[in-house]
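Written below as structure tokens is the structure these notes are about.
Where a number appears in this text, it was derived from the coordinates with a stated rule and is not lab data. On a predicted model such as this, the values are computed, not experimentally measured, just so you know. Every residue, glycine among them, receives a Cβ derived from its backbone with ideal geometry; neighbour counts consider all protein chains shown.
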Amino acid sequence: AKNKGKNQFSIYTTKLKEERLWSTRIEQLLHNAVENHEIKLNYQPIINLETEEIERLEALARWDHPELGYIPPGEFIPIAEENGLIIPIGQQLFKQACEQLTNLHQKGYTSIQMNLNLSLLQLQHPDFISFVKALLKQYKLCSKDFELEITENIALSNDEMVIQTIQSLKSLGFRIAIDDFGRGYSSVGYLRTITVDTLKIDKSYIWDVNDDEQTARLTAAIISLARTMGLEIVAEGVETEEHLEFLKTHSCHWAQGYYYAPPVGKELIETLLERGV
Ligand code: C2E
Ligand code: CA
Ligand code: CA
Ligand code: CA
């Protein structure tokens, strides 16, 4: 047993070393990625469960490296947050989202809402507000066409400036969503101070609603909490007919997930909008 323990330990350290090498490699490649605009947005439909129409799109970062292939955002975003590259990446992606929205407007899809994910670092950046203002002006777009997704960690941040920036974005007309609602050991206290428009229930809840009574009750309670507070509620990670049944039974407004569509490139999104899900 002792031997086995030792072996597992060395497997563990080897894995750690490999991970550190991988992180260092990604970190190096990210600099080029920014320079060469390698990171692109994909878009995942968010469906209005009453109309069954795609009315919103969540923009998700995609990095297809010329040699290494697809590197998921879960791997490079945290590194970009650590080394600050999330600032130029975030700017490039916001710009792409504006281009895409402009394109969709021109094709006649004038009431699509674009959801963008924001990192803490972006909200801490002193030029963020002036950056987005300039962008909207450049593209002649309206803040109301965007919903900015922030995680509970950000909402819970004690950083006065971050809270201030969120309030400013709100007063500029941007909608604010709380992403991954209910994940981890979260508090709901921030809902007393930050005005948000939407709660996005974390996927882990949706995946359990049909198998776990406790989760089902809690999910139903979250939906009703949102309704009571006049907030919209989006279920993420909707993968099956059963998930959907549950959400409809409990009057959830919006659904997003593989059941309807995965995130797709900008060409395909037009096909989806044309054809419906
Ligand atoms: P998120 O914001 O919670 O995004 C939803 C994630 O769930 C996406 O993963 C999406 O592809 C995935 N997903 C959607 N529907 C389903 C489903 O039915 N089943 C399953 N299994 N997964 C589903 P993705 O694209 O890998 O993104 C991971 C995370 O990376 C995002 O989680 C977000 O936190 C972060 N991220 C992605 N793009 C950006 C970005 O532009 N900026 C920032 N700051 N973070 C981003
Ligand atoms: Ca999100
Ligand atoms: Ca997230
Ligand atoms: Ca989420």
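Along the charge dipole of the range 25-156, which of G84, L60, S130 sits closest to the positive end, that is, farthest toward it, with unit charges on the beta carbon of Lys, Arg, Asp and Glu (+1, +1, -1, -1)?
S130
Only Lys, Arg, Asp and Glu count, each charged at its Cβ (+1, +1, -1, -1), so figure out the dipole size of the range 100-241 about its Cα centre, rounded to 20 debye.
Values: 13 positive and 19 negative charges, 177 e Å.
The calculated dipole for the range 100-241 is roughly 840 debye.
At q = 0.19, 0.22, 0.27 Å⁻¹, work out log10 I(q)/I(0) for the range 226-265 with the Debye formula, treating every Cα as an identical point scatterer and leaving solvent out; two decimals please.
With one equal scatterer per Cα and no solvent, log10 I(q)/I(0) is -0.55, -0.69, -0.89.
Taking a cut-off of 20 Å between Cα atoms, list the lysines near K170, but don't count ones fewer than 8 places away on the same chain.
By straight Cα distance, K170 reaches K95, K133, K137, K140, K144, K200.
Please compute the contact order of the chain in relative form: average sequence separation of alpha-carbon pairs under 8 Å and at least six residues apart, divided by the residue count, as a percent. Intermediate values should be presented prior to the final figure.
Working: 392 pairs, mean separation 49.8, N = 277.
With pairs under 8 Å counted, the relative contact order is 18 percent.
Relative contact order for the range 1-131: what is it in percent, counting Cα pairs under 8 Å that are at least 6 residues apart? Don't jump to the answer; show the numbers that get you there.
On the way: 119 pairs, mean separation 30.4, N = 131.
About 23 percent, as a whole number.
When the dipole is taken about the Cα centre of the chain, and only Lys, Arg (+1) and Asp, Glu (-1) are charged at their Cβ, what size is it in debye, to the nearest 20? Can you show the working numbers first?
Values: 27 positive and 40 negative charges, 131 e Å.
Charge dipole, the chain, about its Cα centre: 620 debye, nearest 20.
Mind putting a number on the dipole of the range 221-277 about its Cα centre? Charges go on the C-beta only, +1 for Lys and Arg and -1 for Asp and Glu, and I need it in Debye to the nearest 20. Show your work: numbers first, answer last.
Values: 4 positive and 9 negative charges, 43 e Å.
Value, rounded to 20: 200 debye.
Of Y70, Y259, Y139, which has the largest mean-square fluctuation in a 10 Å C-alpha GNM of the chain?
Among Y70, Y259, Y139, the largest mean-square fluctuation in the Gaussian network model of the chain belongs to Y70.
Picking from T215, T24, T195, which is most flexible by a Gaussian network model of the chain using Cα springs under 10 Å?
T24
Picking from E53, E35, E147, which is most flexible by a Gaussian network model of the chain using Cα springs under 10 Å?
Looking only at E53, E35, E147, the largest GNM fluctuation is found for E35.
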